[in-house]
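Written out below as structure tokens is the structure these notes cover.
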Amino acid sequence: MTHTLRKTLLFILLFFWILITVYGWFQIREESNPTLKTVTIGFQAGDEFDIAKSRGKFATKMEKKGYKVKFKEFQNGAAMMQALATGNIDYARVGDTPPVSALAAGTKLTYVAAGGTKEKGSGIVVKKNSGINSMADLKGKRVAYTKGTSSQYMVLRALKTAGLGINDIKWVNLDQDAAAVAYSKNKVDAWANWDPTVAQVEITENSKLLVNGQQAGAVNRSFIVSPSKFAKNHQSLSKLVIKYGEQDMHWANTHHKQVIKLMTKELKLSKKVVTLEIERRTFGIYKMNDKYVKEEQEIADMFYQSGVLNKQATVAKHVDYLK
Amino acid sequence: MDNTIILKKINFSFRKIIPWIIPIVIILFWQLIVSVGWVSATILPSPWDVLKDGAELTVSGELPKNMGISLYRATVGFVIGGSIGFVLGFINGLSKIARLAFDSTVQMLRNIPHLALIPLVILLMGIGEPAKIFLVAIGCMFPIYINTYHGIISVDQKIIEMGHAYGLKQSAMIRKIVFPAALPTILMGFRYALGVMWTTLIVAETISSSSGIGYMATNAEQFMDMKTIILCILIYALLGKLSDYIAKNFEIIFLEWRG
Amino acid sequence: MKKEILITIRGVNKSYVKHIVLREIDLDVYRHEFLAFVGKSGGGKSTLLRLIAGLEQPNAGKIKQGGHLINKINDQARMMFQEDRLLPWMSVQDNVTFASKKPDDQKEAKKLLSLVGLTEYANAFPTKLSGGQKQRLALARALFSHPDLLLLDEPLGALDALTRRNMQDLIMKICQQRKITTILVTHDINEAVRMANRIALIKDQLIKEIFDNPYRGIDTNEAKEKRALISDEILNKILN
């Protein structure tokens, strides 16, 4: 290659590099409005706030009240709790176990609201042809779970409900993607998980729910938590979040077709999987009450007793019962 | 005589093809095992499916947007970290006092794995863009620092003496002798830092982001969307190859004198 | 012909830690002469040259050139080293002019390149040159600023016999034409006797003896024989 040709080629490549970089910069620059107060909400793909974000009305309503909503997506609850502990997000929509673990670790957080449950879409899945038809059949089998998450709680609860002991099964601690491969390759016999993964596995891996959260007594409710200091100073804002959030949840429960369409695009899953998930799930955002606190306390107790956590958290001390 | 020229031409174009043979064979084999059904398409989607996924994501605008954002983070981080590394390396290479003051500290910091810095970075800089760019900058700083520093301290003393004997003053000495002599090593660091830039970016983009190629990959991972995961891996491979190609051409152009 | 003194060296001592290299050196170098330093390797002849170049300073004594004390880089002198010490990142022509601040020196550079026979390589990089060509380029570079004094630190040591002989002739011719005072350091006595009109033998850290060589550059058989005799004499003195 001649030198001039090489130089020209390099110049063109660098030109496009810079062009795309500038394009990326424009993409990332937020049109921040200084008169609005920014509220940062952490969420995970497919959850209540993902619906609110995709529908778009939530942010518009909040803007009218003087708040600019910034949605931040997280890959898992633990990461969100870390961001919450450092004050980087104001509200976090998490599952039932991450706040318990965070409380035990000393994070100053406050429960401000509760969400719906996934009790029909979470549980322990097994292959239909595995010959496992009841919890008793699970004796001696390998069960995949992820340490410290709802899946561990579900297995613990399901064992207790079925009258089995902790050591009656073989516990296999795997993270989500490792478990997916292990399950599909039959390296484990059962897998504790929740929607949409459960729905996905039921459809693509010829599987069924051996026991769901409702039967096991682990309802897999979602919660909205805040840094304690923030919650104390922003009660009216929390009420707005609950009010507008609940409006979107009501819409979601009555407009399954649209929700399925939105989530199919957002989660990049097949429509079949999303339909199965949405049809068996009830969305909601409610003020905290004693029933929800009791559910959380049961998790805290069980995790402490079985040694998952080395400190016992008292959930009731960290709740904001908004009037 | 004509024959030898033709033979040489064939030989020449064949040499250009050789590096591509293995990747092409792998892709064909991969397509084959999926098409025949030896491997389930949910575990390993075929290259064709991956390509279709890429096309869909391009049409929807998601891929260009995320690529642009990743490239923005990578470039800004590289420019900031690279400049600091270069200046620091240059100063420490030239001045014994600066070397005593800074070098051991830099060497100590250099050995900290970037991943270990994440909690600290979140505490100090939050989870926004500055944190990601900071991580990339840290990653790119050290290779450029080390190479600039070593390039300068290992300039042949005999040539420097020659410069003195021929009456070069400090600034001319740096411009005409020290910098050009250190340039091959500096460009090596530049090339290495471009590689580190991409690997650090993947880590940085998993901190909590809702954009970028790293986000696309982790998001897809969460939903076992193998097509997009493989697409992202391929994009990283391509971007890595592209930056390496650019660095290599910089070397060829600036180091033409090596013959 | 009255001899004009260019350099006076008086009472020069040079030692490195615990190690004496030169002592009590007194020497006059005449303008336009071709002087050679011979002696065993490591015997201090290169060090004396470097002291004259101002690359190093004596521990005692004085070196003056044209009445000025040499206490920093001697900018009236240019040195050729054993290695070519070219700048590989500059073109051949830029290697000649690299130390110059004036941009209109290209004409002089072209003249020098044609003098050493490198005109066709002016825009090439030094990697394209052979060993002999590289030393010719180093010679052109040394001549560029019209120095009064040319210092040659075994510049031909690494060349093959034929190239070496051609270089010897080229250097002698140019130094004569341009009336440059030249000091050559060499371990090759025949080279010294062939090129220099005075040869200083450095032994035991001292200048032991200075030989006059009126037969330099004469191609008669008689002159050759006389040169051979001087060579033998010097060699005997080195070995005893």
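Farthest towards the positive end of the charge dipole of chain C, among the residues C:A77, C:A140, C:S46, is the Cα of C:A77, using unit charges on the Cβ of Lys, Arg, Asp and Glu. Listed from fewest to most Cβ neighbours within 10 Å, the set C:H68, A:H255 follows the order C:H68, A:H255.
Take each residue in C:53-65, count the other chain C-beta atoms within 10 Å of its C-beta, and the mean is 1.
Tell me whether chain A comes out rounded, prolate or oblate; compute the Cα gyration tensor, take square roots of the eigenvalues as a ≥ b ≥ c, and use a/c under 1.5 as the rounded threshold. In terms of gyration-tensor shape, oblate. Scanning chain A for GluC sites (Glu not before Pro) lying in DSSP loops with no more than 15 further Cβ atoms inside 10 Å, the longest uninterrupted stretch between such sites is A:32-323. Legend: calculated FRET efficiency, C:E120 to B:K241, from the Cβ-Cβ distance at R0 = 56 Å, rounded to 0.05, equals 0.85. Under 20 Å of direct C-alpha separation, and excluding same-chain neighbours fewer than eight residues apart, A:K311 reaches these lysines: A:K108, A:K147, A:K294. Pairs over the 28 Å Cα-Cα cut-off, from the set A:K185/A:K257; B:K176/B:K248; C:K18/C:K208; A:K57/A:K317; A:K120/A:K287; B:K176/C:K173: A:K185/A:K257; A:K57/A:K317; B:K176/C:K173. With a Förster radius of 51 Å applied to the beta-carbon distance between A:K170 and B:I252, the computed FRET efficiency rounds to 0.30. Each Lys and Arg contributes +1 and each Asp and Glu -1, all at the Cβ; summed about the Cα centre of chain C, the dipole is approximately 420 debye.
Pairs of Cα atoms nearer than 8 Å and 6+ residues apart set the relative contact order; for chain A it is 25 percent. Can you return the lysines within cross-link range of A:K139? Criterion is Cα-Cα under 19 Å, with same-chain partners fewer than 8 residues away left out. Straight-line reach from A:K139, under 19 Å: A:K127, A:K128, A:K160, A:K170, A:K187, A:K208.
Per residue, the average separation of C-alpha pairs within less than 8 Å and at least 6 apart gives the stretch B:45-258 a relative contact order of 29 percent. What the Cα atoms of the stretch A:132-216 give is an Rg and a Dmax of 11.7, 31 Å. The modelled label-to-label distance between B:V39 and A:K265, using points 7 Å beyond Cα along the C-beta direction, is 3.3 nm. Multiplying each eigenvalue of the alpha-carbon gyration tensor of the stretch C:19-83 by 5 and taking the square root yields semi-axes of 18, 15, 13 Å, largest first, rounded to whole angstroms. Electrostatic tally near B:V121: other residues with Cβ closer than 15 Å to its Cβ, Lys and Arg +1, Asp and Glu -1, net 0.
Only helices enter this figure: runs of n ≥ 4 DSSP H residues, each worth -39500 (n - 2.57), summed and divided by the residues of chain A, yield -14500 deg cm²/dmol at 222 nm to the nearest 500. Candidate cross-link partners of A:K239 among the aspartates and glutamates, defined by an alpha-carbon separation under 13 Å and a same-chain spacing of 8 or more, comprise A:D320. Per-residue ellipticity at 222 nm computed for chain B from its helices equals -26000 deg cm²/dmol, with DSSP H segments shorter than 4 residues left out and the rest contributing -39,500 (n - 2.57). Using the Cβ-Cβ distance between B:K169 and B:L100 with R0 = 35 Å, the FRET efficiency computed as 1/(1 + (r/R0)^6) comes to roughly 0.90. Take the alpha carbon gyration tensor of the stretch A:54-117, find the square roots of its eigenvalues, order them as a ≥ b ≥ c, and report rounded if a/c is under 1.5; if not, report prolate when a/b exceeds b/c, else oblate. Prolate, since a/c reaches 1.5 and a/b exceeds b/c.
The residue list C:T8, C:N213, C:L201 was ranked by how far each Cα lies along the charge dipole of chain C toward its positive end, using unit charges on Cβ atoms, and C:T8 comes out on top. Database remark: amide H of B:S210 closer than 5 angstrom to the amide H of A:E73 (H placed geometrically; neighbours at sequence offset of 5 or more, or on other chains; Pro and chain starts carry no H).
The simple spin-label model puts a point 7 Å past each Cα toward its Cβ; for A:H256 and C:A228 those points are separated by 11.7 nm. Potential lengthening of the chain between A:K323 and A:L9 amounts to 106.4 nm, from the contour at 0.36 nm per residue minus the alpha-carbon distance. Annotation: the antiparallel percentage among DSSP beta bridges lying fully within the protein assembly as shown is about 55. Structural size metrics of the stretch B:45-258, computed from C-alpha coordinates, are Rg and Dmax of 20.6, 69 Å. Of the DSSP H helices in chain A, those that are both long (alpha-carbon extent of 27 Å or more along the helix axis) and hydrophobic (Kyte-Doolittle mean at least 1.0) are A:3-28. Helical runs (DSSP H, four residues minimum) scored at -39500 (n - 2.57) apiece and divided by the length of chain C put the mean residue ellipticity at 222 nm at -10500 deg cm²/dmol.
Placing +1 on the Cβ of every Lys and Arg and -1 on the Cβ of every Asp and Glu, with nothing else charged, gives the stretch B:45-258 a dipole about its Cα centre of roughly 840 debye.
Size check on chain C: the Cα extents along the three principal axes, sorted descending, read 50, 45, 38 Å. Here's the picture: a label point sits 7 Å out from the Cα of C:Q176 along the beta-carbon direction, and within the stretch C:207-240 the residues with their amide nitrogen under 16 Å of it are C:213-221, C:223-224. The trypsin sites (Lys or Arg not before Pro) of the stretch C:98-179 meeting both criteria, a DSSP state outside H, G, I, E and B (loop) and at most 11 other C-beta atoms within 10 angstrom of the site's C-beta, are C:K101, C:K179. Charge dipole (Cα centre; +1 on Lys/Arg Cβ, -1 on Asp/Glu Cβ; no other charges) of the protein assembly as shown amounts to roughly 940 debye. Going by alpha carbons, how many degrees (0 to 90, nearest 10) lie between the helix axis of B:62-94 and the longest principal axis of chain B? Once rounded, one gets 20 degrees. Run through every distinct alpha carbon pair of the protein assembly as shown and return the Kirkwood hydrodynamic radius in angstroms, one decimal place. Taking every pair of different Cα atoms in the protein assembly as shown, averaging 1/r and inverting gives 33.6 Å. Of the residues A:T107, A:S226, B:I118, the one whose Cα sits farthest toward the positive end of the charge dipole of the protein assembly as shown, with +1 on the Cβ of Lys and Arg and -1 on the Cβ of Asp and Glu, is A:S226.
Quick note: the coordinates plus some simple rules give every number you see, no bench work behind them. This is a predicted model, so every value here is computed, not measured. Here the Cβ is made from the backbone with ideal geometry for all residues, glycine too, and neighbour counts use every protein chain on show.
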